[in-house]
Amino acid sequence: MLGGGVLERTVPILTHERDTGGYFRLAVRAPDITPLVQPGQFAHVRILPLKSALLRRPFSIFQVAGETFSILYKAVGQGTEVLSRMRPGEELNVIAPLGRGFTVPRAGDSRPLLVAGGYGMAALYLLAQRAPEKGIVFVGGRRRQDILCVDEFRALGWEVRITTEDGSLGEPGLVTQPLVEELRRESAGRKLFACGPTGMLRAVGRIAEERGMAAELSMDEHMCCGVGVCLTCVIPVKTSAGWEYQRTCMEGPVFDARQVVWETDP
Amino acid sequence: MLGGGVLERTVPILTHERDTGGYFRLAVRAPDITPLVQPGQFAHVRILPLKSALLRRPFSIFQVAGETFSILYKAVGQGTEVLSRMRPGEELNVIAPLGRGFTVPRAGDSRPLLVAGGYGMAALYLLAQRAPEKGIVFVGGRRRQDILCVDEFRALGWEVRITTEDGSLGEPGLVTQPLVEELRRESAGRKLFACGPTGMLRAVGRIAEERGMAAELSMDEHMCCGVGVCLTCVIPVKTSAGWEYQRTCMEGPVFDARQVVWETDP
Amino acid sequence: MNLAVQIGKLTLQNPVMVASGTFGYGVEYARLIDLNRLGAVVVKGIRLGPVRGNPPPRTVEVTSGLINAIGLQGPGVDGFIEKYWPFLQGLKVPTIINIWGTTVDEYAEVARRFDALGGVGALELNVSCPNIKEGGSQFGTDCKLLAEVVAACRRATTLPLITKLSPNVVNIAPYARAAEEAGSDALAIMNSYPALAIDLETRRPKLANVTGGLTGPCIKPIALKLVWDAAKAVRIPIIGMGGIQSAADALEFLVVGATAVAVGTANFYEPQTALEVIAGMREFLQRKGIEDVREWTGSLRA
Amino acid sequence: MNLAVQIGKLTLQNPVMVASGTFGYGVEYARLIDLNRLGAVVVKGIRLGPVRGNPPPRTVEVTSGLINAIGLQGPGVDGFIEKYWPFLQGLKVPTIINIWGTTVDEYAEVARRFDALGGVGALELNVSCPNIKEGGSQFGTDCKLLAEVVAACRRATTLPLITKLSPNVVNIAPYARAAEEAGSDALAIMNSYPALAIDLETRRPKLANVTGGLTGPCIKPIALKLVWDAAKAVRIPIIGMGGIQSAADALEFLVVGATAVAVGTANFYEPQTALEVIAGMREFLQRKGIEDVREWTGSLRA
Ligand SMILES: Cc1cc2nc3c(=O)[nH]c(=O)nc-3n(C[C@H](O)[C@H](O)[C@H](O)COP(=O)(O)OP(=O)(O)OC[C@H]3O[C@@H](n4cnc5c(N)ncnc54)[C@H](O)[C@@H]3O)c2cc1C
Ligand SMILES: Cc1cc2nc3c(=O)[nH]c(=O)nc-3n(C[C@H](O)[C@H](O)[C@H](O)COP(=O)(O)OP(=O)(O)OC[C@H]3O[C@@H](n4cnc5c(N)ncnc54)[C@H](O)[C@@H]3O)c2cc1C
Ligand SMILES: Cc1cc2nc3c(=O)[nH]c(=O)nc-3n(C[C@H](O)[C@H](O)[C@H](O)COP(=O)(O)O)c2cc1C
Ligand SMILES: Cc1cc2nc3c(=O)[nH]c(=O)nc-3n(C[C@H](O)[C@H](O)[C@H](O)COP(=O)(O)O)c2cc1C
Ligand code: FES
Ligand code: FES
């Protein structure tokens, strides 16, 4: 077997708690996986009691603490529904860590700007934790319940700016509004890191492009194998020769915004 | 809707206990079904948590008490496996009572002789309970653990004669041995009622035929719909015109032994 | 809201029927559901004379499906008319009679008999049963034979004719067109797909007939594709089936071009399925603000 | 115990391979399993030049299955040789290369290229991909074209040739025989089955390509039937596949006549599947007192 820092393990659920709205936090004990995790990577989870569907489900690795790592997920469909009813002591099978995560800023880099929508916060936490420089995280969601982990980011010493579409928490509107305001103050040399719905990522990409800024986007595509063999999870990516389909699970999920082709049929 | 005394109901499990070996007793509350049940009828059970298989599973109705009825089953495959892990309070969907059961002896009939193998006891209990005359029940099994309900039959005032193939309980040998002995004493005018593995039923049928006795056999065939529409559960049955396939779930499961065609390809 | 649909000259109060061979002769499920709420009752395949069927085991459960090789056991035309017709005639919803034969003439003769009977809703020509040696799928996998069977039945009756096509072809379009051109009023798609299951311990096939036909949720994606292909090829209505167990499943068949649907294998595990499909369909269309189910039919954006 | 089997002149240490398109180029799963324990590695389909593939969404989960329309994305012969061959060449088990083209000449040219490369275990001719407009299944559903492709490749290489047949035919026997007669050393059965899935909320197909190919446990009973039919028609070995997720599944394919098997979709949810199948197969044969897996092959009592 080649090296490469990914393992398949059957792991016990240690804790499983309801967060706001339909969100849940689930931690597993996976001592040989945790040391390998980079910010922005994901775990491909086989929900063992799920019998009505075959595939694994991908979740960003949210927090890592000693021998455990956790995910922060929303119950949206059949897999996450069954997952949400599992109890501590029951087991999951995970393949992790997978994918190319965020480039962790180096000491001396400018203060990073993070942009998160919904469970996008989960992909960004480790980045915030490991970045040498505290920055700002812009969090957006539809309603108050979609705003997650604010306290945790603050506890890391980060500034958090909240927007909700219905105005039930923070500023009313889209997450890109306070971001654009902040960039109006200063954009040169700063870098964006974003995770969230595709529409939000596209907007962040455009904002970065207009200002000639660097941005890393964690793309949310449907996955099948999660390990690069099936070619399900592709997005069009610019290359010297034009563009090609690249795998979100291998070349991504994090891509340089300048490389992403946004037109649906390029 | 026509009448006909069969209902589909989602019913709660009231009690669920392990019997000997891999056997379980499970009682459900089904107040409008219980008054309809005749000895030898069955319930077609949809094991709701079973997701890996589509079909219902048939089980003889074992005991009826007020608003509840129970089944006595052995965990043998995927359905009964999942069933065995269900807890009181959880629900099953049942279609019951189904099939043509045993002819309950009338007062003045000779003492009935019951022959049971394994969970065959389940199909015979109500018959013993409702027969005006107490008789003898011959119970056979491979091992001590396959001998069920002995105390219950004795409590009804019935005589119980036990055989096990390995001799671990009662007489060693097959259930037909003490039966033949009993019939040697007296057979004229007596009637047999049997439920168990096909090999045993065939032997009982032959014993009855040789002695010109009446016998009712509850046939164990794989079922699909359980209600007579799919034509899965057929066995060859003699008719005036020769033979035809009849449905175990409608014309049976109890058949007159003289009508059953035993050759595999008649 | 209008749920009524038209199959030739036959009007159904809603587009949800039950599939032949999965609903007996109606009377059996009458104990459990109100048949008069269905779109139509479709009975088990009938040929001229009585049929014994295949030896058991006849069905086996497989992953998300069922394989059957019943072998079209049935009472024949006379037996059917005697035993089941009085009951079916009393229903408020139409009865569709699934017929078959081993020769073109036998198909036509059975059609004539049911034409003469009076009161039949429609005839469904089963040219696609994989479980009998003669008749059945041999007619469904040869365009010329198919056209002959349909044309012969067309001459024999003025009842609406539904041709039940075999899924077991390279491309269903020419078969669909052949049936249409020969005078079929509608198509039924799909019948079961040839399949095999093995018992490792005995090293034997699980079915006495060795092979059988696969049905149930596992075949739904294949059935949808076939209905979609056929709908592009013909103008006559299509009755879609294959693995339907919910209103969502049924609505998928309609959106790709089926005018009506049939619930098959699901009856075996949940006799309420067809009624639940009707209720769920109504609810869905209401939620979508669609006044007439026919607006939904064939409205796929592809 | 002997698990080794023969595919033409190629010897496999055991009969369990992985299916083309479900195992990338081997290197990806090398991080998770020991490839050297497999019977063979079969790589994703390759044509002469690079292929972009279909737009996403490319796969969708369905009941007990998966529908895919990848569109044979790949690096082409040169890209493959540059990027993946050095790794594959280092394996102790053979690599089987799945190839395709849009013309008979292109198939032959790709075969020639891999013949010249040296060290390739065998070539698998994919004449059955339902997800591309040209090439693919058009060759697999026409006996004459199929024979031409096989014959042209036969002339182009001395490597063992495996012809991967389309399941989407009335009867697989003539195709199996056509491939055998044209010089194929073995058959692979089955590729995915044409299928469709719909998103009711958007009224659109779930795949950008509209239709795709169905795979996974739901198709196993169909695949077993096809392998059984083909095994009766030819003498060359058959590699059976379609929904294999356990040793029991694999043993079913062998007992109906497959010489070897491939694990496909199951890799996606459980990368250990092929290794578990090998272990379970060994255990089963041991329990049955069977010394050589070849005694089990084709031993169905039917
Ligand atoms: C790299 C990556 C990281 C992710 N991280 C998180 C996270 O941290 N927290 C979280 O709540 N969710 C995350 N998601 C989304 C998560 O994978 C889906 O919500 C989940 O797969 C839904 O499964 P389901 O069975 O409940 O839904 P269903 O709708 O029943 O699933 C059907 C199929 O669609 C796929 N699917 C459905 N929604 C999505 C989606 N949004 N993205 C990708 N595939 C989807 C499923 O995997 C499955 O194959 C992530 C997705 C990706 C690709
Ligand atoms: C009329 C009747 C009454 C029965 N009464 C009882 C009873 O009181 N107690 C009891 O323990 N069992 C009884 N059985 C047998 C019981 O139905 C099976 O044990 C059960 O279906 C096994 O299901 P499974 O999913 O665990 O097994 P699997 O082997 O996983 O089942 C696969 C398929 O085979 C069928 N099947 C397997 N074994 C049998 C069998 N012996 N008979 C019929 N179908 C079978 C299943 O229903 C299912 O369709 C009865 C069967 C019939 C026909
Ligand atoms: C047990 C069984 C018996 C069937 N008998 C017939 C039949 O007599 N005539 C016919 O045209 N189709 C018959 N069919 C096919 C069904 O009508 C239907 O086409 C098929 O089951 C697909 O639908 P489903 O997946 O919902 O079951 C039968 C199917 C099953 C499962
Ligand atoms: C995502 C995916 C991609 C595939 N790509 C190819 C391919 O490139 N060439 C080929 O011959 N078969 C291809 N197949 C078909 C498989 O090799 C195999 O025949 C099929 O999946 C049936 O096996 P399974 O049910 O175990 O998956 C592909 C299948 C899947 C699911
Ligand atoms: S999910 Fe299979 S290649 Fe990415
Ligand atoms: S099980 Fe369907 S007819 Fe008896």
Distant-in-sequence amide H partners of D:Ile238 (H built 1.01 Å from N, under 5 Å): D:Leu187, D:Thr259, D:Ala260
Net charge of Cβ neighbours under 13 Å - reference D:Ala250; Lys, Arg +1; Asp, Glu -1: -2
Point-charge dipole on Cβ atoms (K/R +1, D/E -1) for the range A:7-98, about Cα centre, debye to 20: 260 debye
Rounded tilt (10° steps) of A:120-130 against the dominant C-alpha axis of chain A: 80 degrees
Net charge of neighbours whose Cβ lies under 12 Å from the Cβ of C:Lys232, counting Lys and Arg as +1 and Asp and Glu as -1: +2
Ranking of B:Ser168, B:Ser84, D:Ser64 by count of other Cβ atoms within 10 Å, fewest first: B:Ser168, B:Ser84, D:Ser64
Per-residue ³J(HN,Hα) for the range A:151-159, Karplus 6.51 cos²θ - 1.76 cosθ + 1.60, θ = phi - 60°, Hz, x for Gly and Pro: 4, 4, 5, 5, 4, 7, x, 8, 7
Within a Gaussian network of chain D (alpha carbon springs, distance under 10 Å), most fluctuating of D:Thr63, D:Thr265, D:Thr202: D:Thr202
R0 of 41 Å, Cβ-Cβ distance B:Leu48-C:Ser299: FRET efficiency to nearest 0.05: 0.75
Label-point separation in nm, B:Glu182 to C:Phe87, each point 7 Å along Cα→Cβ: 3.8 nm
For A:Arg161, residues with placed amide H under 5 Å, excluding near neighbours: A:Val137, A:Phe138, A:Val139
Cross-link reach list, lysines versus A:Lys238, counting only Cα pairs under 24 Å and skipping chain neighbours closer than eight places: A:Lys191, D:Lys44, D:Lys83
Shielding by other protein chains, B:240-247, mean Cβ within 10 Å: 3
Residue mean of other protein chain beta carbons inside 10 Å, D:194-207: 6
Dipole of the protein assembly as shown [Lys/Arg +1, Asp/Glu -1 at C-beta], most positive-end residue of B:Gly66, D:Gly26, A:Leu72: B:Gly66
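Fewest first, what order do A:His222, A:His16 take by the number of other Cβ atoms within 10 Å?
In increasing order of surrounding Cβ atoms, one gets A:His222, A:His16.
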Overall form of chain D per C-alpha gyration tensor (a/c, 1.5; a/b vs b/c): rounded
Alpha carbon centroid spacing (whole Å) that separates the range C:48-122 from the range D:84-123: 54 Å
Cα centroid of the range B:207-266 to Cα centroid of the range C:207-286, whole Å: 34 Å
Among C:Val263, C:Val16, C:Val104: highest mean-square fluctuation, GNM of chain C, C-alpha pairs under 10 Å: C:Val104
Whole-Hz couplings from phi, Karplus 6.51/-1.76/1.60, listed for the range B:189-206; x for Gly and Pro: x, 8, 9, 9, 10, 9, 8, x, x, 4, x, 5, 4, 4, 4, 5, x, 5
Free-standing Cys, chain C [no other Cys Cβ under 4.7 Å]: C:Cys129, C:Cys143, C:Cys153
Reachable aspartates and glutamates, given that their alpha-carbon falls under 12 Å from the alpha-carbon of D:Lys206 and they are not under 8 places away in the same chain: C:Glu252, D:Glu61
Value of [θ]222 nm, deg cm²/dmol, for the protein assembly as shown, DSSP H segments ≥ 4, -39500 (n - 2.57) each, nearest 500: -7500 deg cm²/dmol
Unit charges at the beta carbon, dipole of the range B:7-98: most positive-side option, B:Pro39, B:Phe24, B:Pro12: B:Phe24
Distance (nanometres) between label positions extended 7 Å along Cα→Cβ at C:Glu291 and A:His222: 3.4 nm
Length-normalised contact order for the range B:113-259 - Cα pairs under 8 Å, 6+ apart - percent: 19 percent
Cβ neighbours within 10 Å from other chains - mean over D:67-74: 3
Summed side-chain charge close to A:Glu90 - residues other than A:Glu90 whose Cβ falls under 14 Å, Lys, Arg +1, Asp, Glu -1: +4
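About its Cα centre, what dipole magnitude does the range D:66-201 give when the only charges are +1 on Lys and Arg Cβ and -1 on Asp and Glu Cβ, stated in debye to the nearest 20? Provide the component values of the computation, followed by the final result.
Numbers: 10 positive and 15 negative charges, 69 e Å.
Here the range D:66-201 has a charge dipole of around 340 debye.
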Three-way shape label, the protein assembly as shown, alpha-carbon gyration tensor, a/c 1.5: prolate
For C:Gly243, distant residues with modelled amide H under 5 Å away: C:Gly216, C:Gly264, C:Thr265
Shape of the range C:34-86, Cα gyration tensor, a/c cut at 1.5: oblate
Cross-link partners of A:Lys74 among lysines (Cα-Cα below 21 Å; sequence separation of 8 or more within a chain): A:Lys51
Contact order relative to length of chain B, as percent, for alpha carbon pairs under 8 angstrom and 6 or more apart: 16 percent
Within a Gaussian network of chain D (alpha carbon springs, distance under 10 Å), most fluctuating of D:Ala247, D:Ala40, D:Ala279: D:Ala279
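Laboratory data are not the source of any read-out in this text; all were calculated from the coordinates shown. Note that the coordinates shown come from a computational prediction; the quantities given were computed from them, not determined experimentally. In this analysis, Cβ positions are derived from the backbone assuming ideal geometry, glycine residues included, and neighbour counts consider all displayed protein chains.
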